[in-house]
Amino acid sequence: MIRDNIPEPAFNTWFAPIVPLKYEKQVLTIQVPSQFFYEYLEDKYLDLIQQTLYREIGEGTILNYRILVETESNTAVEMRGESKKFPSIENKPNKRVTAKVPSPFDIVETPEFDSQINSKYTFNNFFEGDSNKLARTAADAVALNPAKTAFNPFFLHGNSGVGKTHLCHAIGSKILELYPEKKVLYISAHLFKVQYTDARRFNTINDFINFYQGIDVLIIDDIQELSGLEKTQNTFFHIFNHLHQNNKQLIMTSDCAPMDMQGVEERLLTRFRWGLTAQLERPDKELRKRILQNKVLSDGLSIPEDVIDYIAESVTENVRDLEGIIVSLMAHSIINNREIDMNLARRVVEQSIKFEKKRITVKKIQETVSDFYNINKDLIQSSSRKREIVQARQVTMFFIKKHTELSLSQIGVQVGNRSHATVLHACNTVKNYYDVDKSFRSDLEEIERMLKS
């Protein structure tokens, strides 16, 4: 009945991979390859599924999904179909645990402690290649013996999308499996600074520090976001010292190596270098193919090998781009009612590459402005008052403010430790010249084009 009511490509993609498991007491249990699969079926085909079950099995039939979970034990979770369409179920789905960020103001007992670890990311589905071999090997050693190796702290750096966060969660998952009594916490640096701000506002800094000093394995993602935040860094410094001195494991990620970080206190940078610093680079073609093949398999899809090879050859920057292409291919296949072939792959890849908005970083802005004005970028950081250097410095601040989310104080730190008032004055000056000076406006537009090229 379902095959007769939907296009053949849609049936092959979304229904052929389904495995019927059992039928008991009006409950039909089916196995689907992934959480994505389950959500898509519920969103797009719920009415058709309901009508089919009621017609073929009987009114009031309940659909139960068993979803394969990517863990080392190959476990599964079960979800009931959407309650609105199946009246014999309670008016809500099966209870699911929602991730809640642990509050530094509450006393948390170990059984209730939420580590914020995503069990989807494991060592099993983190594929090793030349670009990440050192990081992957060291991560495994840390997971097996937290705080008992020379890799403490363990500092991972690399561009966005190369697998830093995946590796952090894999370490956390493995430690929880081997040492369930340990308190493992994954948190982004952004959330850490938000919690710190709240602690200052409510005068609960001691509770905040005590909470973090009780962690056995602390994983902080995107530590560079603490740049320019002197008081937050000072508090983190004391937390770091306490944990390290008490043989607790610290793991951090950043988009750059400690030696290239700006706006971070030297005493912290020194500590970041105490252990192992490992870089994750862009995946090579062979690794990209393995990642694509795993994505296709985990989502229960069927994509020709030549299409996978083409995508791996064309999309080179990071893993997220690769996975995004697969999702786009699925969407185009369903919407346009066509098989996934080389022609469709070429169209999707070309559109994705053409319209992809490249991230403009502080480093790129500094290099672009210094190249445009033919000035050594170190001079922009200096205290020189030469007119051409001052102008390049002000233009640098202007574009950092325009293309990043850094505060004025953080921008000042990135450009020679200037005050927020200096940055504000620089941005206003650039705006004023832009409005009245045609030549200056042309220069800014050229720099903008260079940044986006």
Residue in the stretch 389-407 that is touching a Lys or Arg at 6+ places or on another chain (Cβ under 8 Å) and more than 19 Å from Glu446 (Cα to Cα) present: no
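At least 2 residues that are open to solvent by less than 60 Å² (accessible area, probe 1.4 Å) and in contact (Cβ under 8 Å) with a residue 12 or more places away in the chain in each: list the strands (runs of 3 or more DSSP E) lying fully within the stretch 1-69 that qualify. Spell out how you get there, then give the answer.
Values: elements: 19-24, 27-32, 62-68.
Passing ranges, in order: 27-32, 62-68.
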The stretch 223-252, subset touching a strand residue (DSSP E or B) at 6+ places or on another chain (Cβ under 6 Å) and not in a helix (DSSP H, G or I), residue farthest from Glu367 (Cα to Cα): Gln249
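Scan the stretch 253-266 and give yes if some residue there is assigned to a helix (DSSP H, G or I), open to solvent by 80 Å² or more (accessible area, probe 1.4 Å) and at pLDDT 90 or above, otherwise no.
At the first step, the residues of the stretch 253-266 found to be assigned to a helix (DSSP H, G or I) are 258-260, 266.
Filter once more, so that each one left must be open to solvent by 80 Å² or more (accessible area, probe 1.4 Å): 259-260, 266.
The next check asks that each one be at pLDDT 90 or above; those that pass are 266.
Scanning the stretch 253-266, I find at least one residue that is assigned to a helix (DSSP H, G or I), open to solvent by 80 Å² or more (accessible area, probe 1.4 Å) and at pLDDT 90 or above, so the answer is yes.
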Test: residue in the stretch 175-184 that is modelled with pLDDT under 95, within 26 Å of Lys363 (Cβ to Cβ), open to solvent by 10 Å² or more (accessible area, probe 1.4 Å) and in contact with a Leu (Cβ under 9 Å, 6 or more places away or on another chain): no
Any hit, the stretch 398-408, residues being farther than 25 Å from Asp255 by Cβ, open to solvent by 80 Å² or more (accessible area, probe 1.4 Å) and not assigned by the TED database to the domain that holds Ser302: no
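Out of the residues in the stretch 419-453 meeting the condition of being of a type in the set (Lys, Arg) and without any contact (Cβ under 8 Å) to a residue 24 or more places away in the chain, tell me which one is farthest from Thr368 (Cα to Cα). Don't jump to the end; show me each part of the working.
In the first step, residues of the stretch 419-453 are kept if they are of a type in the set (Lys, Arg); the result is 431, 438, 441, 449, 452.
From the residues that got through so far, the ones that are without any contact (Cβ under 8 Å) to a residue 24 or more places away in the chain too are 438, 441, 449.
Working: Lys438: 21, Arg441: 16, Arg449: 10 Å.
Ranking the candidates gives Lys438 first.
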Failed item in (1) farther than 21 Å from Ser302 by Cα; (2) at pLDDT 85 or above, with Pro20 passing the rest: (1)
Index of the failed condition, Gln391 passing every other in (1) open to solvent by 30 Å² or more (accessible area, probe 1.4 Å); (2) closer than 30 Å to Thr232 by Cβ; (3) polar (S, T, N, Q); (4) assigned to a helix (DSSP H, G or I): (2)
Single residue of Arg282, Arg273, Arg290 found to be of a type in the set (Lys, Arg), touching a helix residue (DSSP H, G or I) at 6+ places or on another chain (Cβ under 7 Å) and on the phi < 0 side of the Ramachandran plot: Arg273
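Identify the residue in the stretch 409-428 that is among the polar types (S, T, N, Q) and open to solvent by 30 Å² or more (accessible area, probe 1.4 Å) and, among all such residues, is nearest to Lys377 (Cα to Cα).
Asn417
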Members of the stretch 188-222 that are open to solvent by 10 Å² or more (accessible area, probe 1.4 Å) and of a type in the set (A, V, I, L, M, F, W, C): Leu191, Val194, Phe202, Ile205, Ile209, Phe211
Among (1) closer than 27 Å to Leu292 by Cα; (2) outside any loop (DSSP other than H, G, I, E, B); (3) over 21 Å from the mean Cα position of the chain (by Cα), the one test that Asp130 misses: (2)
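Which of the residues belonging to the stretch 223-243 are open to solvent by 50 Å² or more (accessible area, probe 1.4 Å) and closer than 24 Å to Leu176 by Cβ?
Initially, the stretch 223-243 is screened for residues open to solvent by 50 Å² or more (accessible area, probe 1.4 Å), giving 225, 230-231, 234, 238, 242.
Correct list: His242 only.
The values are calculated or read from the model by the stated rules, or taken from the named source; none is laboratory data. What you are looking at is a predicted structure, and each value in this text was computed from that prediction instead of being measured. Cβ sites come from the backbone with ideal geometry, for glycine too, and all protein chains shown count toward neighbours. Areas reflect the complete protein model, heavy atoms only, side chains present, ligands, DNA and RNA absent. Shrake-Rupley method; radii C 1.70, N 1.55, O 1.52, S 1.80 Å.
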